[in-house]
Amino acid sequence: MTPKRLVVAITGASGSVYAISALRHLVSHYHQIYVIASDNARGIMRDELGSDDIPALVGMPDNLTMLDNSDLAAPPSSGSHQYDGMVIVPCSMGTVGRVAAGVSQDLISRVADVCLKEKRKLILVPREAPLSVIHLENLLELAQAGATVIPASPPFYHKPKSIDDLVSAITARILSQLGIEQDLMQEWNG
Ligand SMILES: Cc1cc2nc3c(=O)[nH]c(=O)nc-3n(C[C@H](O)[C@H](O)[C@H](O)COP(=O)(O)O)c2cc1C
C-alpha cells in the first residue's frame, strides 16, 4: 500500500499558531508528514510562540520529518516521490508570489510547483492585510492553477470564546479540504 504522506510548509506570515494546530491534528491522519519552515517563519514563530522547535510544539510525533528549506534534493522535491499534497500555513505573500511565478529556488516553492504540475492538492493559508492588486492577482493565478486558498480569516458565527476556537476554525477548513472528517467545528444546519 502506498503510504499516505503530506508536506506542511510554514512561511513568514503572522499566525504560526495555525501551523502548530494543523500539524497536531494532521499527524494522526498520515503515515508521514514532511515539515519545511522558512527562515522568516522561524523568526516569527520565536516571536509569537516563544520557540521554533516545531516537533516539540507539536508533541514529538514519530511520523514528523523536518526538511531543510535549502535542500532541493529532499524527497518531495521530485514528482516521482509519492505524497498526497501540500499545505502552506501560514503562507506569506512572498511565498505566494514565488509559487505564482514558478520560481522554485527553495524547497517550499519547489514542492508547491510539483503539486501544481502533478495535480496534487495544494492548500494555501495566506495572511496579509490589506491585499495589494499584486497579491490578489497572484492568488487568482494560483487558484486558477488548481490551488485551494483558505484565508487565515476565521468566522464568528460559531461564537468563538478563545483564540483556540478561532484557530480551530481554520484548522477545520484545512482538514475538510484534505477530506478528513473533523469535529472542531460543527457544520451549519440553518
Ligand atoms: C513580524 C513579522 C510579521 C510578518 N507578517 C507577515 C504577514 O502576515 N504576511 C505576509 O505576507 N508577510 C509578513 N511578513 C513579511 C514576510 O516575513 C517577508 O515577506 C518574508 O520575506 C517572507 O519570506 P518567506 O515566504 O520565505 O517565509 C512579516 C514579517 C515580520 C518580521
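Key figures
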| read-out | value |
| --- | --- |
| Those residues of region 112-131 which are touching a Gly at 6+ places or on another chain (Cβ under 7 Å), more than 13 Å from Val99 (Cβ to Cβ) and within 15 Å of the ligand (Cβ to nearest atom), in sequence order | Arg127 |
| Inter-residue pairs, beta-carbon under 6 Å, first more than 17 Å from Pro151 (Cα to Cα) and of a type in the set (Ser, Thr, Tyr) and in region 90-116, second within 10 Å of the ligand (Cβ to nearest atom) and not in a loop (DSSP other than H, G, I, E, B), 6+ apart | Ser109/Arg98; Ser109/Val99 |
| Selection from region 158-181 of residues that are surrounded by fewer than 16 Cβ atoms within 10 Å (Cβ to Cβ) and either among the small types (Gly, Ala, Ser) or within 21 Å of Val17 (Cβ to Cβ) (or both) | Lys159, Lys161, Ser162, Ile163, Asp164, Asp165, Ser176, Gln177, Gly179, Ile180 |
| Filtered residues of region 160-176 (kept if more than 21 Å from Val7 (Cα to Cα) and of a type in the set (S, T, N, Q)) | Ser162 |
| Residues that are at pLDDT 95 or above and either aromatic (Phe, Trp, Tyr) or over 16 Å from Val87 (Cβ atoms) (or both), drawn from region 162-184 | Ser162, Ile163, Asp164, Asp165, Leu166 |
| Lone qualifier among Ile20, Ile88, Ile54, Ile33 - being modelled with pLDDT of 95 or more and within 13 Å of the ligand (Cβ to nearest atom) | Ile88 |
| Output for region 132-154, where each listed residue is in a loop (DSSP other than H, G, I, E, B), surrounded by 15 or more Cβ atoms within 10 Å (Cβ to Cβ) and within 13 Å of the ligand (Cβ to nearest atom) | Pro151, Ala152 |
| Residue in region 84-99 that is more than 18 Å from the chain's Cα centre (by Cα) and farther than 20 Å from Ile174 by Cα present | no |
| Odd one out for Asp183 among (1) within 16 Å of the ligand (Cβ to nearest atom); (2) more than 16 Å from Val8 (Cα to Cα); (3) part of a loop (DSSP other than H, G, I, E, B) | (1) |
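Conditions tested, residue by residue: (1) crowded, with 17+ Cβ neighbours inside 10 Å; (2) among the aliphatic types (A, V, I, L, M); (3) farther than 22 Å from Ile20 by Cβ.
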| position | (1), (2), (3) |
| --- | --- |
| Asp53 | no, no, no |
| Ala100 | yes, yes, yes |
| Asp106 | yes, no, no |
| Val114 | yes, yes, yes |
| Lys117 | no, no, yes |
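The values are calculated or read from the model by the stated rules, or taken from the named source; none is laboratory data. If you're wondering where the values come from, they're calculated on a predicted model, not measured in any experiment. Note that we place each Cβ from the backbone using ideal geometry, even for glycine, and neighbour counts take in every protein chain shown.
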